[in-house]
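The values are calculated or read from the model by the stated rules, or taken from the named source; none is laboratory data. Please read all numbers here as calculations on a predicted model, not as lab measurements. Positions of Cβ are backbone-derived with ideal geometry, glycine not excepted, and every protein chain shown enters the neighbour counts.
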Amino acid sequence: MLIVANWKAYVETRKKADALVSLAKRLAKKTNSALVLAPSDPFIGVFAPKNISSVSFAAQDVSHTLGGAHTGEVTAPVLAGLGATYVIIGHSERRRAGESYLLIAEKMQRALAHNLIPILCVGEEARDTDGKYLTVVREEITSALEVLSPKDRSRVILAYEPLWAIGKSAAEAITPTDLAEMVLYLRKVLAELLPGKSSGRTKVLYGGSVEPENIRDLAGAASIDGFLVGHASVDPTSFAALVRALS
Ligand code: PGA
């Protein structure tokens, strides 16, 4: 299993970051899961260059630009140069801030061109009874992948994160049955975009109120490859419990 800890902007001190990185390194020695930390960019600069553990690092976003007169942008070569392995793209909190399908597709291309593995986030705002939410998710996947070469498409990790389940508690997360159904749908969409059997190898993650209380049931019910965890990943007790629950 792949566990990606999305620290969002929760971690604002070096002390807290140090503690969480040390914890992840200790946990990594005792689990079969691959642990990925996604702190804010400056912390990637602090921890990734000297990292010799099996923990890896993800950025929470990447610029659609390359070097030049772009104040405030953090480009893919900078992140890759510091030692980030992955980058989260299209998180709902960024889409809400105005990111379009086009911008997200550009970010996917930039990331892949610099050997960062994109973790593409998709997910509907709400469920409806006539399946419109499925169309939304299909569009989010298709618009981000269709601009890529077949080889690049096969490097993408997909994270399904329904917005209605983000930042709540385990009781309000998706049910294992609904997740299993959704993963079948995601794999169907991926099969249309990826050649032959390679869509079956795409890693699919779930995110949205994953907590120690529900992670095992979710992992057991659906054929998923891991989790993108927000709030529970910045609480040391919860994070340790999450990792142990999958070990
Ligand atoms: P959450 O966030 O675990 O706090 O719901 C997940 C995410 O937004 O990536």
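Quick notes
- Test result for Lys197, modelled with pLDDT under 95 and outside any helix (DSSP H, G or I): no
- For Arg110, the stated conditions hold: it is of a type outside the set (Ser, Thr, Tyr), assigned to a helix (DSSP H, G or I) and either more than 16 Å from the ligand (Cβ to nearest atom) or touching a Pro at 6+ places or on another chain (Cβ under 6 Å) (or both).
- Region 205-244: number of residues that are in contact (Cβ under 8 Å) with a residue 24 or more places away in the chain, surrounded by 20 or more Cβ atoms within 10 Å (Cβ to Cβ), in a helix (DSSP H, G or I) and not polar (S, T, N, Q): 6
- Test for Leu103: is it aliphatic (A, V, I, L, M) and within 17 Å of the chain's Cα centre (by Cα): no
This table checks each residue for (1) farther than 12 Å from Ile3 by Cα; (2) in contact with a strand residue (DSSP E or B) (Cβ under 6 Å, 6 or more places away or on another chain); (3) of a type outside the set (D, E, K, R).
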site	(1), (2), (3)
Glu213	yes, no, no
Gly230	no, yes, yes
Asp235	yes, no, no
Arg244	no, no, no
Ser247	no, no, yes
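- Hits in region 89-103 - residues which are over 17 Å from Ala165 (Cβ atoms) and surrounded by 24 or more Cβ atoms within 10 Å (Cβ to Cβ): Ile89
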